[in-house]
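Just so it is clear, none of the values below were taken in a lab; they were calculated from the coordinates. Source: prediction; values computed, not measured. Glycine also receives a Cβ, built like all others from the backbone with ideal geometry; neighbour counts cover every protein chain displayed.
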Amino acid sequence: MERSAIKGMSLLTLNESETKKTRPRKRDIGRIRVRGYNTDLHHDDVVNALRKHFSSCGEITDVCVHVLDDNILNRFVSTSSSNSTQVLYNANNFGFVLFHSCGLIYFLGGQGTVIDKALQLSGIDVGGWTVMAEPYPFWERAGWYPVAVVQGYDTLLDNADIEKMLFEHFSSCGEVTEIRIHKRSIGAAVVELYGEGAEDRVLDLDGSYMGGCKILVKLIIPSKGIHTVHPRRRYYGWPR
């Protein structure tokens, strides 16, 4: 995935104002999993109700919920249901799908006070349905595999010299697993690392000096990274 993100490197231009708009770090992001809403409800109604219910806890960056929509109902026939669970039958594949209400809410503020406040709102009626909330922390090693795009170094140097400088400069962040130098006309390199806290340390190098040049560093977020917006994969129209 990281390589595909670099495929269009010729279109990439980092500037100082862009790199300073860095997404929050792992310690600043918290998320919960919510259940209990009626899966027949309209997607926007569920999202708006959850945003309103948890708005007092802190800044919400994303609400991602699973609901039934026409894309699902065109493929399945509902055989039984409750407010938050439906059993769907696929006539073509002769199979059943148990469809639960399930959503994720992302907050700024980390896994501490913000999440504690959100959990206190679990079990409360929200316009006819009871929302249940539980912590949903990131994978323990999320942020251990950062991939960084680097610009601003002296592109007139030989690739071997550039690689050596990058290796030495980024070794303080963790184990450098790969370095790729792209065309000089692009003036960008990709550095892949591994290690606990590596992602936060990479972010600290944005605006630092390497070989007498001020470098710009931007993270490419791999699938195991930290997000403030939940990645969406379209599967029968959800999640959204």
Amide H within-cut-off set for VAL131, under 5 Å, with H built and near neighbours excluded: GLY123, ILE124, VAL126
Contour excess over end-to-end distance, with Cα ends at TYR194 and ARG180 and 0.36 nm allotted per residue: 3.5 nm
Vicinal HN-Hα couplings computed from phi for segment 113-119 (Karplus, 6.51 cos²θ - 1.76 cosθ + 1.60; Hz; Gly/Pro x): 4, 4, 5, 4, 5, 5, 5
Extension reserve of the PHE138-GLU168 stretch, reckoned as 0.36 nm per residue once the Cα distance is removed: 7.8 nm
Sorted peptide list for 208-215, 172-179, 28-35, 146-153, criterion being average Cβ within 10 angstrom, highest first: 146-153, 28-35, 172-179, 208-215
Distant-in-sequence amide H partners of CYS213 (H built 1.01 Å from N, under 5 Å): none
Sorted peptide list for 45-58, 127-140, criterion being average Cβ within 10 angstrom, highest first: 45-58, 127-140
